[in-house]
Amino acid sequence: MAAEVPQVLIEALREARSVAVLTGAGISAESGVPTFRDAQTGLWEHYRPEDLATPEAFDRDPGLVWRWYAWRRELVGGVEPNAGHRALAELESLVPRFTLATQNVDGLHRRAGSHNVLELHGDISRTICSRERLTRDPEGLEGEPPSCPECGAYLRPDVVWFGEALPVEAFETAQEEARESDLFLSVGTSSLVQPAASLPQAALSGGATVVEVNPEPTPLTPHADYTLRSPAGEALSALVAAYKNSV
Ligand code: BV8
């Protein structure tokens, strides 16, 4: 059943000069990637992501953290972008100015064809030296984690852990585009993790119409102008289809 899209929302999208989007783990759920708040499965069911995605966890047990990311990399490597990712890639080509900021590290937006993607929390498929912070290729290297061939420090995934700063340029651009946007979509995020969760507020302060796409309510819900209480794949496909039929 296609999600119902309010006519006023289609008008807002048609009149928008600038659209900004924030996505979270929920948009990848329909690809089969577990969200952060879903209970972890299999051998990771006894661990909380918030306890593993930290520098302290990596210092305490680098092997455990490395193996968790290796498991997630393999999982993400075996899935495909879904209708929600594809709808956002199509929307980018339909509106004058479009910015997609994602908290996800699965690379699925780029694989779906999105171009202007701000990866606020990094990319799980990239590996860096934990000391030099330069990209390193772990292929063929021994050890869990392997050691940097240049300086000997452990390699680590190129993601932002809790307590670590977001990439400055990416987040500042995301803030700027949120403030400048006429329409802001917050898709598949529990709106709990800062500073990403502050972007819809920046959009509101800039006078944007804010839409939340999430089957569940979140702390953003009371502030959003519209809520599409559907899975992202359904809601975003319906929104883009209605927009194309209206122009
Ligand atoms: C920083 C990468 C400072 C790694 C991630 C107290 C109050 C406020 C803030 C803090 C605090 N204590 C600490 C902080 C700061 C902390 C924070 O926000 N903590 C939270 C938990 C309170 N933030 C940080 O530490 C950030 N850094 O502040 O640094 C600083 C500054 C300068 C210099 C030095 C330091 C760093 C945050 C980034 C952490 N890294 N990921 C990895 O992936 O392994 S965050 C992680 O959570 C993921 O990126 C994930 O995306 C993100 C948020 O989760 P969601 O994406 O929202 O996913 P979630 O599972 O929560 O929700 C899924 C949603 O989807 C649900 O609502 C569900 O209903 C919905 N859904 C389900 N199915 C669908 C769906 N929606 C649509 N369709 C569906 N089909």
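The values are calculated or read from the model by the stated rules, or taken from the named source; none is laboratory data. The model shown is predicted, which means the values in this text are computed figures rather than measured ones. No Cβ is skipped: glycine too gets one built from the backbone with ideal geometry, and neighbour counts run over all protein chains shown. These area figures cover heavy atoms from the full protein model, side chains too; ligands, DNA and RNA do not enter into them. Shrake-Rupley method; radii C 1.70, N 1.55, O 1.52, S 1.80 Å.
Before anything else, pin down the relative contact order of segment 108-247: Cα pairs under 8 Å, at least 6 apart, normalised by residue count, whole percent.
Numbers: 182 pairs, mean separation 22.6, N = 140.
Normalised by residue count, the contact order of segment 108-247 is 16 percent.
Hand me the trypsin sites (Lys or Arg not before Pro) from segment 36-73 located in a DSSP loop with no more than 11 other Cβ atoms within 10 Å, in residue order please.
none
Using the eigenvalues of the Cα gyration tensor, what equivalent ellipsoid semi-axes result for segment 164-241 when each is taken as the square root of five times the eigenvalue, whole Å, largest first? Let's see the in-between values first.
Details: eigenvalues 88, 40, 30 Å².
So the equivalent ellipsoid measures 21, 14, 12 Å along its semi-axes.
Using C-alpha positions alone, give me the convex hull volume of segment 1-154 per residue in cubic angstrom.
143
Tell me, how many Å apart are the Cα centres for segment 81-102 and for segment 117-196?
First find each Cα centre; the distance between them is then 21 Å.
For segment 28-130, which GluC sites (Glu not before Pro) are in a loop by DSSP, counting at most 15 other Cβ atoms within 10 Å?
Working: sites: 30, 45, 50, 56, 74, 90, 92, 119; in loops: 30, 45.
Answer by residue number: 45.
Using the Karplus curve 6.51 cos²θ - 1.76 cosθ + 1.60 with θ = phi - 60°, what ³J(HN,Hα) values do you get for each residue of segment 179-190, in whole Hz, with x for Gly and Pro?
Residue by residue, segment 179-190 yields 4, 7, 6, 8, 9, 10, 10, 10, 10, x, 10, 6 Hz.
So with the 1.4 Å probe, I'd like the accessible area per residue for segment 10-134, rounded to whole Å². Don't skip to the answer; put the middle values down first.
Numbers: 5590 Å² over 125 residues.
That works out to 45 Å² for each residue.
Taking N as the number of residues in segment 116-169, what value does Rg over Cα atoms divided by 2.2 N^0.38 Å take?
Details: Rg = 11.8 Å, N = 54, 2.2 N^0.38 = 10.0 Å.
In units of the 2.2 N^0.38 Å rule of thumb, it is 1.18.
Against the empirical 2.2 N^0.38 Å scaling, what ratio does the C-alpha Rg of segment 1-70 come to?
Values: Rg = 18.9 Å, N = 70, 2.2 N^0.38 = 11.1 Å.
Compared with the compact-globule rule of thumb, segment 1-70 sits at 1.71.
Tabulate in residue order the Karplus-calculated ³J(HN,Hα) for segment 108-118, using 6.51 cos²θ - 1.76 cosθ + 1.60 with θ = phi - 60°, rounded to whole Hz; enter x for Gly and Pro.
Rounded to whole hertz, the list is 6, 5, 5, 5, 7, x, 5, 9, 8, 10, 9.
Using Cα pairs closer than 8 Å and at least 6 residues apart in sequence, work out the relative contact order for the chain, in percent. All intermediate terms of the calculation are to be shown ahead of the outcome.
Details: 445 pairs, mean separation 65.9, N = 247.
Contact order relative to length: 27 percent.
Check which residues have an amide H placed less than 5 Å from residue 122's amide H, if you skip close sequence neighbours.
Correct list: 160.
Residue by residue through segment 212-219, which ³J(HN,Hα) values in whole Hz follow from phi under the Karplus form 6.51 cos²θ - 1.76 cosθ + 1.60 (θ = phi - 60°), with glycine and proline marked x?
9, 10, 6, x, 10, x, 9, x
List the chymotrypsin sites (Phe, Trp or Tyr not before Pro) within segment 1-63 that fall in a DSSP loop (any state other than H, G, I, E or B) and whose Cβ has at most 15 other Cβ atoms within 10 Å. Display every interim value, and only then the final one.
Values: sites: 36, 44, 47, 58; in loops: 36, 47.
Sites meeting the loop and neighbour criteria: 47.
Counting only protein heavy atoms and a 1.4 Å probe, tell me what percentage of segment 184-247's accessible area is made up of carbon and sulfur.
On the way: 1350 of 2510 Å².
On segment 184-247, the fraction of accessible area on carbon and sulfur atoms equals 54 percent.
Considering only protein heavy atoms, with the full assembly of protein chains and a 1.4 angstrom probe, order 135, 218 by accessible area, largest first. Each step should come with its number before you reach the end.
Numbers: 135 90, 218 20 Å².
Accessible-area ranking of 135, 218, largest first: 135, 218.
Just need the relative contact order of segment 1-137 here, percent rounded to a whole number, with Cα pairs under 8 Å and 6+ apart. List each step's numbers first, then the result.
On the way: 152 pairs, mean separation 34.7, N = 137.
Relative contact order, segment 1-137: 25 percent.
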